[in-house]
Amino acid sequence: MTVWDNIYKNYQKGGDAWATLSEEIHPLFKEFLEKENFDLKSIFDIGCGTGKYLEFLKAYGFKTDGIDSSETAVEMTKEKLSSDSVVTCTNMFEFAIPQNKYDLVISIATIHHGTKKQVQGLINKVYAVLVESGKIFMTLPDIESTKKWNTFKDHKEVAPGTFEPLAGPEQGLPHSFYAKEEIEELFSRFTNVQIDLDDRGRWIIRGIK
Ligand SMILES: C[S@@+](CC[C@H](N)C(=O)[O-])C[C@H]1O[C@@H](n2cnc3c(N)ncnc32)[C@H](O)[C@@H]1O
């Protein structure tokens, strides 16, 4: 069972709506959707959690697929989507992502749960899974958040720029944090890259293949 599987199971029993569990759809995501024009409308969500974003996109007519490493989250997501959605329980760093398949790849508060080397490898796979001119909307935490987020009051550095909280629901789960220049480098293969810092200490990254 993963760290987040425990968080979801606890939530189902009436426990804490930890982190993203209490969040609405990001306002910048709503703005992004309204501005963009998606012809084929197929979307892939990395770390779909309880399916909040996929359910929202289903209403726009998207074909909604996703992955998450928590079995509980995958079950919760499947309940919200139609049977043509493919939602798989798997580790995003090991998943064999198909090539040239999706118009949009999103990932909210997820891809940083590994070392920086793993994150770079995953972003390369995201580039490959997109159709030509496909788009991304992803988030990564800002390096300054290590000083601001309560969870990181006590932490250890397990790899350069990668920290694990020593207490709390996410104890022992790696989180990589980034400065803006690193994000520019990470997404350098994409065009029209827009990087904004939100009020939760996360970089919001938009771009085109
Ligand atoms: C902070 S939650 C965000 C969930 C969702 N994106 C949202 O905004 O509501 C992080 C999610 O990443 C998933 N996750 C963590 N490590 C993962 C991995 N290696 N592979 C796939 N999913 C992972 C967790 O199970 C959890 O659902």
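Bear in mind these aren't lab numbers, they're just calculated from the coordinates by the rules spelled out. Since the model is a prediction, treat every value here as computed from it, not as a measurement. All Cβ positions, glycine included, derive from the backbone under ideal geometry; neighbour counts span all protein chains shown.
Counting only other residues whose beta carbon sits under 14 Å from that of residue 190, what net charge do I get with K and R as +1, D and E as -1? Provide the component values of the computation, followed by the final result.
On the way: positive: 125, 135, 189, 206, 209; negative: 132, 184, 185.
Its environment carries a net charge of +2.
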Residue 159 paired with residue 82, simple spin-label distance in nm, labels 7 Å along Cα-to-beta-carbon: 3.9
Net charge (Lys, Arg +1; Asp, Glu -1) of residues whose beta-carbon lies under 11 Å from that of residue 92, residue 92 excluded, is -2
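At a threshold of 8 angstrom on Cα-Cα distance, excluding pairs fewer than six apart, so keeping six or more, what relative contact order does the chain reach in percent? Write down the numbers at each step before the final one.
Details: 388 pairs, mean separation 36.0, N = 209.
RCO, the chain: 17 percent.
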Just check the stretch 28-142 against the gyration tensor rule for me: Cα atoms, a ≥ b ≥ c as the square roots of the eigenvalues, rounded for a/c under 1.5, and otherwise prolate or oblate depending on whether a/b exceeds b/c. rounded
Under 15 Å from the Cβ of residue 50, count the other residues' Cβ atoms, weight Lys and Arg +1, Asp and Glu -1, and hand me the total. -4
The stretch 19-146 - charge dipole about Cα centre, Lys and Arg +1 at Cβ, Asp and Glu -1, debye rounded to 20: 260
The stretch 56-121: GluC sites (Glu not before Pro) in DSSP loop, at most 13 other beta carbons within 10 Å: 94
Subtract the Cα-Cα distance of residue 59 and residue 191 from 0.36 nm times their separation in residues, and report this length gain in nm to one decimal. 44.7 nm
For residue 95 and residue 147, FRET efficiency with R0 = 45 Å and r from the beta-carbon atoms, rounded to 0.05? 0.90
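Where does the chain land at 222 nm, in deg cm²/dmol rounded to the nearest 500, when only DSSP H runs of n ≥ 4 count, each adding -39500 (n - 2.57), divided by all residues?
Numbers: 7 runs with 61 residues, N = 209.
Calculated from helices alone, the mean residue ellipticity at 222 nm is -8000 deg cm²/dmol.
Which shape class, rounded, prolate or oblate, goes with the stretch 87-209 when its Cα gyration tensor gives a ≥ b ≥ c as root eigenvalues, a/c under 1.5 marks rounded, and past that a/b bigger than b/c marks prolate? Walk me through the intermediate numbers first.
Values: a/c = 2.20, a/b = 1.54, b/c = 1.43.
Taking the square roots of the gyration eigenvalues as a ≥ b ≥ c, the stretch 87-209 is prolate.
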Ratio Rg/Rh [Cα only; Rh per Kirkwood] for the chain: 0.93
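Apply the a/c threshold of 1.5 to the C-alpha gyration tensor of the stretch 153-209 and tell me whether it is rounded, prolate or oblate. Mind dumping the intermediate values first?
Details: a/c = 3.04, a/b = 2.14, b/c = 1.43.
Prolate.
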Hypothetical label at residue 128: residues of the stretch 79-97 whose amide nitrogen lies under 18 Å (7 Å Cα-Cβ projection): 90-97
